[in-house]
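Colleague: Handing you a structure now.
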Amino acid sequence: MLTMEEIHEIESEAAHYPKREAVSIDALKIVQKRRGWVSDESLRDIAQHIGMSPTDLDSIATFYNLIHRRPVGRHVISVCDSVSCWIMGCEQVREHLQQRLGVRLGETTADNRFTLLPTVCLGCCDHAPALMVDGDLHADLDPLKIDMELEKYK
Amino acid sequence: MTSSIEKPLTGNIRPDGSVLDFPAYEQAGGYQAIRKVLKGGMTPKAVVEEVKSANLRGRGGAGFPTGMKWSFVPVGEDTPNPTYLVINADEMEPGTFKDRFLLERNPHQVIEGAIIAGFAIEADIAYIFLRGEYTLAATRLSRAIAEAYERHYLGKNILGSGYSLELHLHLSGGRYICGDETGLLNALEGKRANPRAKPPFPVVVGLFGKPTVVNNVETISCVPHIINEGAEWFHGLSRTKDGGTKLYGVSGKVKRPGLWELPMGTTAREILEEHAGGMRDGLKFRGLLPGGSSTPFIVEEQLDTPMDFTEMPKAGSRLGTGTMIVLDDHTCPVGMSWNMTKFFARESCGFCTPCWSGLGWAERILRAMEDGHGKPGDLDKLASQAKMWSPGNTFCALAPGAADPLETAMKYFRADFERHIAEHRCPWR
């Protein structure tokens, strides 16, 4: 079941488009914002609400990088692995994170605190290497700085 | 805005990273251009002509003349309704960080440009298509849009002129292919962002089947200044035929990576050596991608080429987004090619076979080479694959953009590729 709050937010976005299905990506993001990810049940509820088939909606949900169709931890770390960050050492960043968190890319820590994902260029190339935790950008990274920044996310 | 004549786009931007808010933007002369247009009696056609003669070329990378694009939109009474304007703020080209700067620091400049562009093409509705990861830009843009509505710069009957424009912010679900004009339109319609076949072009059949102009953030940011100061002034900013200034960036192992607004046509050498401070101590320059990861490499002998849309192709490359990525002699060109090919393979939308199939194959060959499993004949395989990705074989520019850096890497750094195969290892590891 979608909450009243979710429905309200979906409807206010839907008003921006002449066709109802145009709100599909916004709707997925609105639900994910509150629940962390989009479960099969959530997907069916959203599809029903906006008048699409769940299959069509899933083909959209699985296309976009920022929609999670599997559970994630409380915080999502997105490590940029595009070319400027690669030149500046994003592989070392990733290795450090993997070691420290004990997970590989795509996995969530046992305490459900962090999920580690790769991401496309974050537009922070003059301060590479960079990563995002949830919506926050962190740049000019080295192992010490990473450890410090991660402390902020409980 | 009139206060910074040499750097119209960034001259008023605050160095501390804070946003140029509504009062500050107005104080610096902001929102004067829409007064000139809407209250000064300029016709839509006059606006189009001014931008045309300014020779403003699309800063998203393709360099299409903006005024000409606008002039293709059907206007008048018997035309399809509504007409849409879309600002492409889906900056995802690896190595590119210019639009984020403009969006975060000077959002009202983008909005004012959008209102003028909207008026010129007689648009009813405008969207800013922003990449989802640009969270700070999203916050600042939302606020700026609300401020513009409060002051009646947006909405019905703007400044009493009779012109109305609604502006909405759309946050992307995240996918590189959304940066493609027609992929973006499908994403805005709530679909997978597969690019569309052209023709018909979006200016005739675009968003929801209606006439649509898609303009990049930096392009649209130039528009208020062209209106305020005139086409001739805009021309004078440039060192070449392409009008205006350009936001040039440098990333990689240089002394001072960064972003600078400079005259269009500044040479790569000047940007690299004077602004970025040259290579870090102990490192040598080997080559650079002039404007993001889908532009062809240039090397030392091409560094004096003016970085613009006209001159770069003569040197065998393209201006692209104007944000260059520098390769040094301690970084493996094969590894760099693998990284970029892997990016393109991952972000392929999966529609055209040469792209989804070929990119994955090339990525595996390059990975094998890096791991010491390269085989004689691999370079020929890569070359024939890259040929398959050329324009015309696919709907959009993703695969051609993957071919350009790979083909030029194999041309300029061939010995490095051959060494990987002969020595069964990556010499840089």
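Every number here is computed from the coordinates shown, using simple stated rules; none is lab data. Not measured: the values here are computed from a predicted model. In this analysis, Cβ positions are derived from the backbone assuming ideal geometry, glycine residues included, and neighbour counts consider all displayed protein chains.
Colleague: I need the trypsin sites (Lys or Arg not before Pro) found in segment A:50-106, filtered to DSSP loop residues with at most 14 other beta carbons within 10 Å of theirs.
Modeller: In loop regions of segment A:50-106 (DSSP not H, G, I, E or B), the sparsely surrounded trypsin sites (Lys or Arg not before Pro) are A:Arg104.
Colleague: Right, next: May I ask for the angle, rounded to the nearest 10°, between helix B:353-370 and the longest principal axis of chain B, with both axes built from Cα atoms and the value confined to 0 to 90°?
Modeller: Helix B:353-370 sits roughly 50 degrees off the main axis of chain B.
Colleague: Would you give the gap between the C-alpha center of segment B:318-378 and the C-alpha center of segment B:383-429, rounded to a whole Å?
Modeller: Answer, in whole Å: 7.
Colleague: Most exposed first by the Cβ proxy, i.e. fewest other Cβ within 10 Å, how do B:Val48, B:Val37 rank?
Modeller: Listing B:Val48, B:Val37 from fewest to most nearby Cβ atoms yields B:Val48, B:Val37.
Colleague: Here's a follow-up. How much of the DSSP bridge set in the protein assembly as shown is antiparallel, in percent, rounded to the nearest 5?
Modeller: If I count the DSSP bridges inside the protein assembly as shown, around 45 percent turn out antiparallel.
Colleague: Partner chain Cβ atoms within 10 Å, averaged over the residues of B:166-177 - can you pull that number for me?
Modeller: The shielding value for this peptide is 5.
Colleague: Under 5 Å between amide hydrogens, which residues at least 5 positions from B:Ser172 or on another chain qualify, with H placed 1.01 Å from N in the peptide plane?
Modeller: B:Leu130, B:Arg131, B:Gly132
Colleague: In which sequence would B:Phe129, B:Phe351 go, from the one with the fewest C-beta neighbours within 10 Å to the one with the most?
Modeller: Going from least to most buried by this count: B:Phe351, B:Phe129.
Colleague: While we're here: Cut-off 10 angstrom, C-alpha nodes, Gaussian network model of chain A. Which of A:Leu97, A:Leu144, A:Leu105 fluctuates the most?
Modeller: Comparing A:Leu97, A:Leu144, A:Leu105 in a Gaussian network model of chain A, the most mobile one is A:Leu144.
Colleague: Shifting gears a bit: If the limit is 27 Å between Cα atoms, which of A:Lys152/B:Lys255; B:Lys198/B:Lys387; B:Lys210/B:Lys342; B:Lys191/B:Lys246; B:Lys36/B:Lys156; A:Lys19/B:Lys198 go over it?
Modeller: From A:Lys152/B:Lys255; B:Lys198/B:Lys387; B:Lys210/B:Lys342; B:Lys191/B:Lys246; B:Lys36/B:Lys156; A:Lys19/B:Lys198, over 27 Å: A:Lys152/B:Lys255; B:Lys210/B:Lys342; B:Lys191/B:Lys246.
Colleague: What does the average come to when, for each residue of peptide B:132-139, you count the partner chain Cβ atoms lying within 10 Å of its Cβ?
Modeller: Partner Cβ neighbours, averaged per residue: 4.
Colleague: Against the longest principal axis of chain B, how steep is helix B:107-120, in degrees 0 to 90 to the nearest 10, with axes from Cα atoms?
Modeller: 70
Colleague: So, one more: Springs between alpha-carbon atoms under 10 Å, Gaussian network over chain B: tell me which of B:Val299, B:Val86, B:Val254 tops the mean-square fluctuations.
Modeller: Ranking B:Val299, B:Val86, B:Val254 by mean-square fluctuation puts B:Val299 first.
Colleague: Moving to a separate point now. Determine, for B:Thr266, B:Thr219, A:Thr55, the number of other Cβ atoms within 10 Å of each Cβ, and report the residues in order from fewest to most.
Modeller: So the ranking, lowest neighbour count to highest, is A:Thr55, B:Thr266, B:Thr219.
Colleague: To continue, here is another question. If amide H atoms are built 1.01 Å from N in the plane of the peptide, which residues on other chains or at least 5 residues away come under 5 Å of the amide H of A:His75?
Modeller: Long-range HN contacts for A:His75: A:Phe114, A:Thr115.
Colleague: Now for a different question. Determine the dipole magnitude for segment B:1-83: charges of +1 sit on the beta-carbon of Lys and Arg, -1 on that of Asp and Glu, nothing else is charged, the reference point is the Cα centre, and the result goes in debye to the nearest 20.
Modeller: With only Lys, Arg, Asp and Glu charged at Cβ, the dipole is about 180 debye.
Colleague: Also: Filter the trypsin sites (Lys or Arg not before Pro) in segment B:115-156 down to the DSSP loop ones having no more than 16 other Cβ atoms within 10 Å, then list what survives.
Modeller: Qualifying residues, ordered by number: B:Arg151, B:Lys156.
Colleague: Could you run the Karplus curve 6.51 cos²θ - 1.76 cosθ + 1.60 with θ = phi - 60° over segment B:122-130 and give me ³J(HN,Hα) per residue in whole Hz, x for Gly and Pro?
Modeller: After applying 6.51 cos²θ - 1.76 cosθ + 1.60, I find 6, 7, 9, 9, 10, 10, 9, 9, 9 Hz.
Colleague: With unit charges on the beta carbon (Lys/Arg positive, Asp/Glu negative), name the residue among B:Leu359, B:Ser294, B:Gly29 whose Cα is farthest towards the positive pole of the charge dipole of the protein assembly as shown.
Modeller: Result: B:Leu359, furthest along the dipole toward the positive end.
Colleague: Once you average over the residues of A:11-21, how many Cβ atoms of partner chains fall within 10 Å of each Cβ?
Modeller: The shielding value for this peptide is 3.
Colleague: Moving on to the next point. Tell me the mean residue ellipticity at 222 nm calculated for chain A from its helices only (DSSP H runs of n ≥ 4, each -39500 (n - 2.57), averaged over every residue, nearest 500).
Modeller: Per the formula, -12500 deg cm²/dmol.
Colleague: Go through A:Tyr17, A:Met132, A:Val103 and say which Cα lies farthest out towards the positive end of the charge dipole of chain A; charges sit on Cβ, +1 for Lys and Arg, -1 for Asp and Glu.
Modeller: Value: A:Val103.
Colleague: Continuing with the same structure: Do any GluC sites (Glu not before Pro) in segment A:32-108 lie in a DSSP loop with no more than 16 other beta carbon atoms within 10 Å, and if so, which?
Modeller: A:Glu107
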